[in-house]
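The values are calculated or read from the model by the stated rules, or taken from the named source; none is laboratory data. Everything numeric here is computed off the predicted structure, so don't read it as measured data. Positions of Cβ are backbone-derived with ideal geometry, glycine not excepted, and every protein chain shown enters the neighbour counts.
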Amino acid sequence: MIAKVASLVALLATFVISARAGAQPAAGEHQQAQPAEGSGAQEAPTDAPPPSEDDLLRAAGLRPISHDRVEALVSAGTHSTRDARVRATERHGGLGLEVTGRATESDPRERRGATARIEHEHGDSHAHAFGSYDRIADGTQRQITAVHTVRYGGGWQRGRLETRVFGDSQQLHEERPASPREWTIPTSTQGATASLRSGRLVLGGIDQELVVGADYTRTTGSTAEEPSHDLSPSMSIVVRKRHADHRFFDAFLKDTLHVIESLDVSGGFVFEGWKNLGAIETIRYGTDEAMDLHFPQMQDMQVSPRVGALYRVSDELALRAHGYRRMRTPTLLELYQPIQLGSELTAANALLRPESIWGGELGPDLAAGPIEARAVAFWNEIDSPITSIAGADGGRTRMNLGHARVTGIETEASFRPAKPWLATVSYTFASSTVTDPGTGSADVVGKRLAQAPRQQAAAMLTYDDPRRITVTGAVRYIDRQYVDAANTQSLGAYTLVDAIAARTLTRGLAGFVTVENLLDRRYLGQLGLDTPGAPRTVQLGIRIDSARF
């Protein structure tokens, strides 16, 4: 994976609210992907779940464990890469336990971690709890970063009632040899969700189902910028500390009507509320006493309607349509943490307001024998989009524009011509345009939103015969994207090619080889941060499965 990006992604993650920081769709509804930092909502909704650590193994035909087994995975590759992973699962009646340990070293990066999960099933009740710990250390010529992360949570489901609690704590420490300063960034997030389904109701002769629920997330974060060694008292700023408390709450009601056998209509609304409290910055100049700068408290709320329909034309074809309004709140990173791209500094803005997005989508779903496909045409009208604007001093700052529009289409398809073969392709086209600069410069009207690639595409071909070999090739393309709203500086387009092959060696043993960035392309791996992506990386490894001995 991208070695040098990981630490900087962690920097973003510490100041970015989880997905709950943006508006959440009602249960069962498409969720629109959060836009990249500094952009409007430029991506079409997607149903795809987030990738798990097993995705690469599944693609290689190396199946994840189910129960009562121990697995070990060891590998070595280019750039002094070494990887080891052990996982054990045991089930007894309705009680299950899974423990995973992993260690990875790839010069100049190393990672250590462990995960434990316990679950219990009894009748129609299901409960689970989990905890994990990760440590990432990354040292390059440009920076030295260490990240410690602890995640925890649990859930309980009985019948139609489902509840979940979650949280995480993270601390990032960063030093840049070229700079006499170092940064420490701790954050903590806690949240809870609950939803209740009514089951089948008959009102007015129409079958329907109600869903009600609520979500709450609180994230507190701080950043401390201090000298890495003794500085002269004449230095302008010796210590700078920031702290903020970010909260998001939503409550939703959704009603789905089964009008006829082939038509379902849904409608409802989401109440969304956001608060940013207690934001403060402490600054000490030289040997003077520290002084506090209090940022204004920010809050917003809105009621967002949702409506949708699903029409089954036939057993193979269905049409979907959705209309929605949602809120995209500014992250703590956008509010308080500046970022740097080369010599260009993008300043934070503590007065940012949430984006308000009105949108709709329409498209077919197709499942016809070996072919599965979907296409969605989407349209978004964005009030107060958050973006980066060039300032008079030559730098950039984040601010709210007046209005922007994003339209486009997202498609994906898979084809299985024979049992061992699977081909998948996806393509997204998103055209973004600033229509009203608000308090910004009129020069941005008609320009594209920052950090919003117009085109993205991916293709993957897999041959999967566990008795012989499994081979997968993948190609990804990301179009050019601009750094600021005036479209004066851009990040170039790039294409990456990855490949993986695996073969069963003997009972309980499988070998594999992976090649990432096969063409050894040079590219910027993270928007808004000067972080080159990983070069060509080759790994050779072996997987041991105790259940097959």
field: Search result, residues across region 419-445 that are under 30 Å from Thr472 (Cα atoms) and either among the basic types (Lys, Arg) or without any contact (Cβ under 8 Å) to a residue 40 or more places away in the chain (or both)
entry: Lys419, Ala423, Thr424, Val425, Ser426, Tyr427, Phe429
- request: From the list Gly278, Gly267, pick out the single residue that is within 30 Å of Val211 (Cβ to Cβ) and either surrounded by 13 or more Cβ atoms within 10 Å (Cβ to Cβ) or in contact with a strand residue (DSSP E or B) (Cβ under 7 Å, 6 or more places away or on another chain) (or both).
  value: Gly267
- request: Tell me, yes or no, whether region 447-463 has at least one residue that is over 27 Å from the mean Cα position of the chain (by Cα), surrounded by fewer than 17 Cβ atoms within 10 Å (Cβ to Cβ) and farther than 18 Å from Leu518 by Cβ.
  value: no
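Yes/no per residue for (1) aromatic (Phe, Trp, Tyr); (2) over 30 Å from Gly473 (Cβ atoms); (3) modelled with pLDDT under 95; (4) under 25 Å from the mean Cα position of the chain (by Cα):
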residue: Glu361; (1), (2), (3), (4): no, yes, no, yes
residue: Ala368; (1), (2), (3), (4): no, no, yes, no
residue: Asp383; (1), (2), (3), (4): no, yes, no, yes
residue: Gly408; (1), (2), (3), (4): no, no, no, yes
query: Taking the stated definitions as given, is Ala373 within 28 Å of Ala458 (Cβ to Cβ) and either touching a residue at least 12 places away in the same chain (Cβ under 8 Å) or polar (S, T, N, Q) (or both)?
result: yes
Members of region 143-164 that are surrounded by fewer than 16 Cβ atoms within 10 Å (Cβ to Cβ) and more than 23 Å from Arg102 (Cα to Cα): Arg158, Gly159, Arg160, Leu161
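Look at Asn276 and say whether it is outside any strand (DSSP E or B) and either over 23 Å from Phe378 (Cα atoms) or modelled with pLDDT under 85 (or both). I'd like the intermediate steps shown before the answer.
Numbers: outside any strand (DSSP E or B): no; either over 23 Å from Phe378 (Cα atoms) or modelled with pLDDT under 85 (or both): yes.
In short, no.
Looking at the structure I just gave you, is Arg467 more than 28 Å from Leu333 (Cβ to Cβ) and loosely packed, with under 15 Cβ neighbours inside 10 Å? Quick ask: steps written out before the conclusion?
Values: more than 28 Å from Leu333 (Cβ to Cβ): yes; loosely packed, with under 15 Cβ neighbours inside 10 Å: yes.
When the stated conditions are applied, Arg467 passes them.
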field: Residue identified as within 23 Å of His243 (Cα to Cα) and not aromatic (Phe, Trp, Tyr) among Gln170, Gln157
entry: Gln170
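Kindly evaluate Arg396 against the criterion of being of a type in the set (Lys, Arg) and modelled with pLDDT under 90.
On the way: of a type in the set (Lys, Arg): yes; modelled with pLDDT under 90: yes.
In short, yes.
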message: Residues that are surrounded by 15 or more Cβ atoms within 10 Å (Cβ to Cβ) and in contact (Cβ under 8 Å) with a residue 24 or more places away in the chain: list the strands (runs of 3 or more DSSP E) wholly contained in region 291-359 that include at least 2 such residues.
response: 298-312, 317-328, 339-341, 344-347
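Provide a single number: the residues in region 87-142 that are among the hydrophobic types (A, V, I, L, M, F, W, C) and either buried (at least 17 other Cβ atoms within 10 Å of the Cβ) or more than 19 Å from Arg543 (Cα to Cα) (or both).
We begin by selecting, within region 87-142, every residue among the hydrophobic types (A, V, I, L, M, F, W, C); these are 88, 95, 97, 99, 103, 114, 116, 118, 127, 129-130, 136-137.
Now restrict to residues that are either buried (at least 17 other Cβ atoms within 10 Å of the Cβ) or more than 19 Å from Arg543 (Cα to Cα) (or both): 95, 97, 116, 118, 127, 129-130, 136-137.
Residues flagged as among the hydrophobic types (A, V, I, L, M, F, W, C) and either buried (at least 17 other Cβ atoms within 10 Å of the Cβ) or more than 19 Å from Arg543 (Cα to Cα) (or both) within region 87-142 amount to 9.
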- prompt: Of these, Arg117, Arg112, Arg87, which one is touching a Phe, Trp or Tyr at 6+ places or on another chain (Cβ under 7 Å) and under 25 Å from Ala510 (Cβ atoms)?
  reply: Arg117
message: Go through (1) within 29 Å of Arg325 (Cα to Cα); (2) of a type outside the set (Lys, Arg); (3) surrounded by 15 or more Cβ atoms within 10 Å (Cβ to Cβ) for Ile283 and report which single condition fails.
response: (1)
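What about Phe252, is it of a type in the set (A, V, I, L, M, F, W, C) and at pLDDT 90 or above?
On the way: of a type in the set (A, V, I, L, M, F, W, C): yes; at pLDDT 90 or above: yes.
Here the answer is yes, as Phe252 does meet what is asked.
If we keep just the residues of region 160-198 that are assigned to a loop (DSSP other than H, G, I, E, B) and out of contact with any Leu (no Cβ under 9 Å at 6 or more places or on another chain), which is modelled with the highest pLDDT?
Filtering region 160-198 down to residues assigned to a loop (DSSP other than H, G, I, E, B) leaves 160, 176-180, 198.
Those still in the list that are out of contact with any Leu (no Cβ under 9 Å at 6 or more places or on another chain) too: 176-179.
On the way: Arg176: 67, Pro177: 64, Ala178: 62, Ser179: 64.
The residue in question is Arg176.
Could you tell me which residue of region 505-526 is surrounded by the most Cβ atoms within 10 Å (Cβ to Cβ), considering only residues that are among the aliphatic types (A, V, I, L, M) and either part of a loop (DSSP other than H, G, I, E, B) or modelled with pLDDT under 80 (or both)? Please lay out each step first, then the result.
Pass one, region 505-526, residues among the aliphatic types (A, V, I, L, M): 505, 509-510, 513, 515, 518-519, 524.
From what is left, the residues that are either part of a loop (DSSP other than H, G, I, E, B) or modelled with pLDDT under 80 (or both) are 518-519, 524.
Working: Leu518: 16, Leu519: 11, Leu524: 18.
The selected residue is Leu524.
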field: Lone unmet requirement of (1) more than 28 Å from Ala390 (Cβ to Cβ); (2) modelled with pLDDT of 95 or more; (3) crowded, with 19+ Cβ neighbours inside 10 Å for Thr472
entry: (2)
message: Condition first: within 23 Å of the chain's Cα centre (by Cα), closer than 24 Å to Ala368 by Cβ and among the hydroxyl-bearing types (Ser, Thr, Tyr). Now tell me which residues in region 410-446 satisfy that.
response: Thr411, Thr424, Ser426, Tyr427, Thr428
query: Does region 464-486 hold any residues that are under 25 Å from the mean Cα position of the chain (by Cα) and not in a strand (DSSP E or B), and which are they?
result: Asp479, Arg480, Val483, Asp484, Ala485
- request: Given the conditions (1) over 20 Å from Ala413 (Cα atoms); (2) in contact with a Leu (Cβ under 7 Å, 6 or more places away or on another chain), report the number of the one that Pro453 does not fulfil.
  value: (2)
query: Among Ser198, Ser106, which is over 20 Å from the mean Cα position of the chain (by Cα) and under 20 Å from Asp250 (Cα atoms)?
result: Ser198
